[in-house]
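Have a look at the structure below before the remarks.
The values are calculated or read from the model by the stated rules, or taken from the named source; none is laboratory data. Note that the structure is a prediction, hence the values are computed from the model and not measured. Using ideal geometry, Cβ is built from the backbone for each residue, glycine included, and neighbour counts are taken over all protein chains shown. Note: accessible area is taken over every heavy atom of the protein model, side chains too, but ligands, DNA and RNA are not part of it. Shrake-Rupley method; radii C 1.70, N 1.55, O 1.52, S 1.80 Å.
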Amino acid sequence: MANAFFNVPTPANEPVRAYVPGTKEHTDLINKYRELYNQPQIEVPLYIGGKEIKTDDKRPMSPPHDHQKILGYYNQGNGQHVEQAINAAMKAREAWANTPWEQRAAVFLRAAELLAGPFRDKMNAATMLAQSKNVFQAEIDAACEMIDFFRFNVQYMTDIYKDQPISSPGVWNRMEYRPLEGFVFALSPFNFTSICANLSASPALMGNVVVWKPAASQVYSAAVIMELFKEAGLPDGVINMVAVDGSTAGEVIFKHRDFAGIHFTGSTNVFRNLWKTMGENLDKYKSYPRIVGETGGKDFVVAHKSANAVEVATALSRGAFEYQGQKCSAASRAYIPSNLWNEVKDVLVQQVSSMKMGSPEDTSNFINAVIDKKAFTKISEYIEYIKSASDAEIVVGGHYDGSKGYFIEPTVCVTTNPKFKTLEEEIFGPVLTIYVYDENKYEETLHLVDETSEYALTGSIMATDRYAIELAVNILRNAAGNFYINDKPTGAVVGQQPFGGARGSGTNDKAGSAMNLIRWTSMRTIKETFVTPKDYKYPFLG
Ligand code: NAD
């Protein structure tokens, strides 16, 4: 029993390594990449109750930039495995829920230190291989963001626990932050290794048990996350990872009485369907499930006529094309004033044409492959649509080649139609659509931006005119959950820019903040009266 109120280590963002060629950190990481690439094929099991389970259904894992290379196989589970994972979680629940908070915190603080040190290269290299990220994109995601989630969430947890009600004379009021009464379903996307880890880690930190289903294309790095959790000392059964079809997982989980909440990041349509299914099954659950979902985006950059054209072009080059535009926050539509267009276009075309594309092993490549064949087909169909449209033209890029890897050139198109399809729909690839507006119609254009798509995740305004900035802040108040002034709309940092959007972009529970963690607790208010009345009569009765 701890007779003390502990302070936790003050969190700070993990410094981002630069990986300049020739440095030791660069050499070590590339060596780790080669080691993983060349090692004998691995097998990723299901992780249920601390056991590694193999199935008869083996599925290959390949780098998106080198799809004929087989890194190994993962074991695909079925409905029975999902049942087993739920049972293992429920079995672990009592011990974990009753574990003192400082012990839970220590597991994730240890995970942060392990990742900052001995696991760093492996987590980054696995993400480069499995999800085709360049060294820098891997570092800011798989190392730094994941470390930040672990460290900052420990601080936020204690901030929450410290939040207590007032008491009145003769009474002591207390607030207890209980884990949810059941298990949490973590359902993760392919694109951020850190998000995948956090979807299960943040409920677990708050004392919950978790069934985690990763995306098929992320299983390779998901296995490294499970290795990290084990090394950090997370008890068996607290987080159980099952690679299964989403619908198979849903079929079992959403009918289960102990289903207590879903922590989802992924596409909007999937989330809407999941919510409908939960609604249809509501009578089955012990409690109303907590529903947290961060979903798609159609993120914008608006330039005002006072903006600097080179800065606008650079924000677009980075914002639209880092990680091949496969960030929920990626700039995918831009509104450029007529006075700046020629210069923005020249700089943007020059910058984008200079981007090298290929394997992340060659760190001079800015662009790598898109995640899989399905994404490659979908994105190339959008490019063909643009090519065939009479009201749009491609100004740079537009080629793609899936023969060795799923490579799509960073592509910029300009349209004269303010409601052009690629200004409205999420493509989730390296395609940026630009609408050039009359420089004197700024306010109208802000309303256009607000009304053009169903999403509201990220967006930015580029301007030097303060009144123009203020107008954008006001008119676009509900158009983005993360709003940037004179910056690209990507690259949110835990603790600095809590992340999430509203409208079609999610429940906006802000990953990397106390707001997210509070969803994984169910509070109990305790009132203790020290001298209990012995007569029912109040004074007013005379
Ligand atoms: P996705 O929706 O295709 O998949 C997400 C997860 O849901 C995967 O594990 C998938 O297997 C599972 N799934 C798919 N269909 C299912 C079903 N019917 N039942 C149960 N599970 C199902 O998303 P993705 O392609 O992996 O990721 C890209 C999407 O995620 C984009 O839309 C992007 O904007 C979004 N995203 C949002 C954020 C954010 O913070 N808002 C962050 C990252 C990604």
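Key figures
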quantity: Hey, ALA468 aliphatic (A, V, I, L, M), in contact with a Phe, Trp or Tyr (Cβ under 7 Å, 6 or more places away or on another chain), in the same structural domain as TRP101 (by TED's automatic domain parsing) and surrounded by 18 or more Cβ atoms within 10 Å (Cβ to Cβ) or not; calculated: no
quantity: Leading residue by the ranking (farthest from ALA375 (Cα to Cα)) among those in the range 249-294 that are within 15 Å of the ligand (Cβ to nearest atom) and hydroxyl-bearing (Ser, Thr, Tyr); calculated: THR277
quantity: Residues satisfying the stated conditions in the range 397-413, i.e. open to solvent by less than 20 Å² (accessible area, probe 1.4 Å) and either on the phi > 0 side of the Ramachandran plot or assigned to a strand (DSSP E or B) (or both); calculated: GLY398, ILE408, THR411, VAL412, CYS413
quantity: Number of the condition not met by ALA480 [criteria: (1) crowded, with 21+ Cβ neighbours inside 10 Å; (2) out of contact with any strand residue (DSSP E or B) (no Cβ under 9 Å at 6 or more places or on another chain); (3) not aromatic (Phe, Trp, Tyr)]; calculated: (2)
quantity: Candidates ALA197, ALA215, ALA204, filtered to the one that is more than 10 Å from the ligand (Cβ to nearest atom), closer than 19 Å to GLY293 by Cβ and without any contact (Cβ under 8 Å) to a residue 60 or more places away in the chain; calculated: ALA197
quantity: Evaluation of GLU470 against (1) under 18 Å from HIS304 (Cβ atoms); (2) in contact (Cβ under 8 Å) with a residue 12 or more places away in the chain (one fails), failing number; calculated: (2)
quantity: Sole residue being at pLDDT below 95 and either touching a Gly at 6+ places or on another chain (Cβ under 9 Å) or under 30 Å from GLY495 (Cα atoms) (or both), chosen from ALA12, ALA18, ALA2; calculated: ALA2
quantity: Criterion (on the phi > 0 side of the Ramachandran plot, more than 15 Å from the ligand (Cβ to nearest atom) and surrounded by fewer than 17 Cβ atoms within 10 Å (Cβ to Cβ)) met by exactly one of GLY237, GLY233; calculated: GLY233
quantity: Sole exception among (1) in contact with a strand residue (DSSP E or B) (Cβ under 6 Å, 6 or more places away or on another chain); (2) under 23 Å from PHE190 (Cβ atoms) for LYS404, by number; calculated: (1)
quantity: Test result for GLU113, free of Cβ contacts under 8 Å to residues at least 12 places away in the same chain, among the charged types (D, E, K, R), open to solvent by 40 Å² or more (accessible area, probe 1.4 Å) and assigned by TED's automatic domain parsing to the domain that holds GLY50; calculated: yes
quantity: Breaking point among (1) closer than 23 Å to SER359 by Cα; (2) in contact with a Ser or Thr (Cβ under 8 Å, 6 or more places away or on another chain), for MET128; calculated: (2)
quantity: Any hit, the range 165-177, residues being within 23 Å of the chain's Cα centre (by Cα) and in the same structural domain as GLN84 (by TED's automatic domain parsing); calculated: no
quantity: Index of the failed condition, VAL431 passing every other in (1) on the phi > 0 side of the Ramachandran plot; (2) surrounded by 22 or more Cβ atoms within 10 Å (Cβ to Cβ); calculated: (1)
quantity: Those residues of the range 436-467 which are free of Cβ contacts under 8 Å to residues at least 40 places away in the same chain and within 29 Å of the chain's Cα centre (by Cα), in sequence order; calculated: HIS447, ASP450, GLU451
quantity: Those residues of the range 367-396 which are touching a residue at least 12 places away in the same chain (Cβ under 8 Å), open to solvent by 60 Å² or more (accessible area, probe 1.4 Å) and under 25 Å from VAL347 (Cα atoms), in sequence order; calculated: GLU393
quantity: Selection count, the range 498-542, where residues are of a type outside the set (Lys, Arg) and more than 12 Å from the ligand (Cβ to nearest atom); calculated: 24
quantity: The range 324-366, residues that are surrounded by fewer than 24 Cβ atoms within 10 Å (Cβ to Cβ) and within 27 Å of LYS32 (Cβ to Cβ); calculated: MET355, LYS356, MET357, GLY358, SER359, GLU361, ASP362, THR363, SER364, ASN365, PHE366
quantity: Residues being open to solvent by 30 Å² or more (accessible area, probe 1.4 Å) and either touching a Lys or Arg at 6+ places or on another chain (Cβ under 7 Å) or of a type in the set (Asp, Glu) (or both) - total across the range 67-108; calculated: 4
quantity: The range 191-219, residues that are touching a Pro at 6+ places or on another chain (Cβ under 8 Å) and either among the basic types (Lys, Arg) or open to solvent by 10 Å² or more (accessible area, probe 1.4 Å) (or both); calculated: ILE195, ALA215, SER217
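One line per residue, one yes/no per condition, for (1) within 16 Å of the ligand (Cβ to nearest atom); (2) within 27 Å of MET90 (Cα to Cα); (3) modelled with pLDDT of 95 or more:
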position: ASP159; (1), (2), (3): no, no, yes
position: ASP163; (1), (2), (3): no, no, yes
position: SER168; (1), (2), (3): no, no, yes
position: ARG174; (1), (2), (3): no, no, yes
position: ARG178; (1), (2), (3): no, yes, yes
position: VAL184; (1), (2), (3): yes, yes, yes
position: PHE192; (1), (2), (3): yes, no, yes
